[in-house]
Structure formats: structure tokens, C-alpha cells
Amino acid sequence: MATTIKFSRQREAIKEYLFHTKEHPTADTIYMHIREQYPNISLGTVYRNLNFLLEQGEIIKVECGDGCDHFDGNREPHNHFICKECHKLLDLEMESIDQINAIANVGFNGDIEGHVTYFYGICEECKKNK
């Protein structure tokens, strides 16, 4: 028997925010933004809804080594860039590197089904400020 998912305006607001931002906000950033529309929302509610959206495959979580989980509404396969100076997390517009799965599969007895790739360096803003 299928479980009916109760509609939530707050969850929809979180999802819409993530779908329309190029940023990769943390739960705290999302909370601060959503509070403008729903002043009584709690941080716990934001976390519960983020976890629900993750479980449903509607958003992705990006861990970039800064100790915080970042969230992305873009579920299409794409790569990320992390600035070593300001720790900004950006989508990297580039041609597909999916051939890396076949390369990784050579000499591996299992089946490679995907990959996560992070590129590191200095972003344009930090480069200008040097």
C-alpha cells in the first residue's frame, strides 16, 4: 500500500528556494531565507524537510570538506568547484567526463555506476583579490 505524502508549504518553499538558487546553501542559510516567508519555522523543521527531500531524491547533498552539508536543487549529473581561499562551492560548467566510469572499471571486479568529482583551486573573485 502506497504511503500518502502530506503536502507542506514549508517543504515546498525549501524546494523552490533550492531549485532557483545557484548557491549551495547550508541548512542554516536555508533556514534564514525561509524564515522571511515563514517566521515561525524552526531549524529542526528545515532539517527534517531537507532529509525528506534527500530521501525522495528531489535534492542532493554536497559535502565539500568544510564540516557543513550543502544542498543543491540541481539533481542532474554535474561537477563542483571548491575555492581553497574562500571555500565557495560552485557548479562547474563543462563537458561530461562520464568516460571516467569506464576508465575506473578497468581492473576493477565490481561495477562502477557513477562518480562524484570535485575540482579545487582559486575562484575568480579570490584570484582578482590577490
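Do you know which residues across the stretch 103-130 are farther than 21 Å from Cys64 by Cβ and either surrounded by 11 or more Cβ atoms within 10 Å (Cβ to Cβ) or of a type outside the set (S, T, N, Q) (or both)? Step through it out loud before you land on a result.
Quick first cut of the stretch 103-130, residues farther than 21 Å from Cys64 by Cβ only: 103-113, 128, 130.
Hits for the stretch 103-130 are Ile103, Ala104, Asn105, Val106, Gly107, Phe108, Gly110, Asp111, Ile112, Glu113, Lys128, Lys130.
Can you tell me which condition Met32 does not meet? The list is (1) among the aliphatic types (A, V, I, L, M); (2) surrounded by 15 or more Cβ atoms within 10 Å (Cβ to Cβ); (3) modelled with pLDDT of 95 or more, and all the others hold.
Only one criterion in (1) among the aliphatic types (A, V, I, L, M); (2) surrounded by 15 or more Cβ atoms within 10 Å (Cβ to Cβ); (3) modelled with pLDDT of 95 or more is unmet by Met32, namely (2).
Here is a check on your reading of the model: is Leu90 crowded, with 16+ Cβ neighbours inside 10 Å, among the aliphatic types (A, V, I, L, M) and within 18 Å of the chain's Cα centre (by Cα)?
Against the criterion (crowded, with 16+ Cβ neighbours inside 10 Å, among the aliphatic types (A, V, I, L, M) and within 18 Å of the chain's Cα centre (by Cα)), Leu90 qualifies.
Residue by residue, here is whether (1) at positive phi; (2) surrounded by 14 or more Cβ atoms within 10 Å (Cβ to Cβ); (3) free of Cβ contacts under 8 Å to residues at least 40 places away in the same chain holds:
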residue	(1), (2), (3)
Phe7	no, no, yes
Lys15	no, yes, no
His24	no, yes, no
Tyr47	no, yes, yes
Leu54	no, yes, yes
Ile59	no, yes, no
Asn79	no, yes, no
Asn101	no, no, yes
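The values are calculated or read from the model by the stated rules, or taken from the named source; none is laboratory data. Fair warning: this is a prediction, and the values are worked out from it, not measured in the lab. Here the Cβ is made from the backbone with ideal geometry for all residues, glycine too, and neighbour counts use every protein chain on show.
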